[in-house]
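Below is one structure, written out as structure tokens; comments come after it.
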Amino acid sequence: MMTARQITSETKVDSLSQQIINAYQKNFPLCSRPFLQLAERFNVSEEQIIARISLLQEQQILSRLGPVFNHKQAGASTLAALAVPAERLDEVADMVSQFKQVNHNYAREHQYNLWFVATAANEKMLQQCLTHIHRETGFEPLILPMEQSYHIDLGFEVDFSEAEVNKHEH
Amino acid sequence: MSTNAIAFLNSENPELSIEQQLQLFNAIESGLPLVAQPYLALAEEIGVSEEQVIAMITDWQQQGLIRRFGLVIRHRKLGYVANAMVVWDVEDEQVDAIAEILAEQKVVTLCYRRPRVLPHWPYNLFCMVHGKNRDQVEAQLAQICQHSELKSLSKKLLFSNKAYKQRGGRYQHQLAT
């Protein structure tokens, strides 16, 4: 097992990476050499930019460099929750994570203690997936699709002032 | 069977066929390749030009199919491990007004209306508050709740204590045959 110190030093984010993160969660350039545009802005080389972003990906800080879709236009999606006995939570969570339609899956402190987002090409396939999850886990999902969005996810500014990065995550 | 079952594909597009549009959509879903000319790499995979790829993504962004295009960060990895989903029970005719107040708060990253599922679930307004620890999130929420319209609302904080899976959605669109 690695010590906290090792993990911290491995996932340290330098100031260039911090600047990239806070400047490019939206409006990534759509041009032939996008990384070159970042390089010119931060006064470093294109290779350095690509290396930093690749490192963020290796460290699993970067999920991807690409689009966040509007679920309503791009397909069908819903938030759902299960109420699972505490001693079975990890086991049921793993069953739910196995579904390729499930992208986010979290434990939360509530009687409904497993919360996930399922995404599919259309409403019918989404319902099939939720039915499978119900059947396989034995727990009936609470299905809570988005009806109205009041706040568009534009990324958010990361406060690196106490840059204590990722001590316990999997 | 009509290929227009996938609403965002444009059969009138003179440059990219429906199949090529879908290939591009599926390719960018998992992220750009981290090479000097990422759009060219995608273009070569699909058999179109770099300009066509850039034009298509630009179109999708303008149509609102793409909400944002850039780095998608796992905030937990940067120390934001105390993420609370805050759920509110708001009278239906008040929801829009309350949601506008919440959406203006700097610490609120998402704010959605969802259906109640009675009797199990009475809450109809959801927002996310991210912080580096529980105290910080609770303090931020307490501050938000000083707002006169929010004070008396029934709410609940659902802290997340573990992430089992966190990645972008995969729609897995396929053209019917």
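The values are calculated or read from the model by the stated rules, or taken from the named source; none is laboratory data. The shown structure was predicted, so the numbers you read here are calculated from the model rather than taken from an experiment. Every residue, glycine as well, gets a Cβ built from its backbone with ideal geometry; the counts of neighbours run over all protein chains shown.
Some values worked out for this structure:
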| item | result |
| --- | --- |
| Qualifying residues in region B:122-144 (those that are within 11 Å of chain A (Cβ to nearest Cβ) and surrounded by fewer than 18 Cβ atoms within 10 Å (Cβ to Cβ)) - the one modelled with the lowest pLDDT | B:K132 |
| Matching residues, region B:76-101, being under 22 Å from B:E138 (Cβ atoms), at the interface with chain A (Cβ under 10 Å from one of its Cβ atoms) and surrounded by fewer than 20 Cβ atoms within 10 Å (Cβ to Cβ) | B:I101 |
| Residues (touching a residue at least 12 places away in the same chain (Cβ under 8 Å) and at the interface with chain A (Cβ under 7 Å from one of its Cβ atoms)) located in region B:157-168 | B:L158, B:F159, B:S160, B:A163, B:Q166, B:G168 |
| Matching residues, region A:8-44, being free of Cβ contacts under 8 Å to residues at least 60 places away in the same chain, surrounded by 13 or more Cβ atoms within 10 Å (Cβ to Cβ) and of a type in the set (S, T, N, Q) | A:S17, A:Q19, A:N27, A:S32, A:Q37 |
| Total residues in region A:40-76, condition facing another protein chain (nearest Cβ under 7 Å) and aromatic (F, W, Y) | 1 |
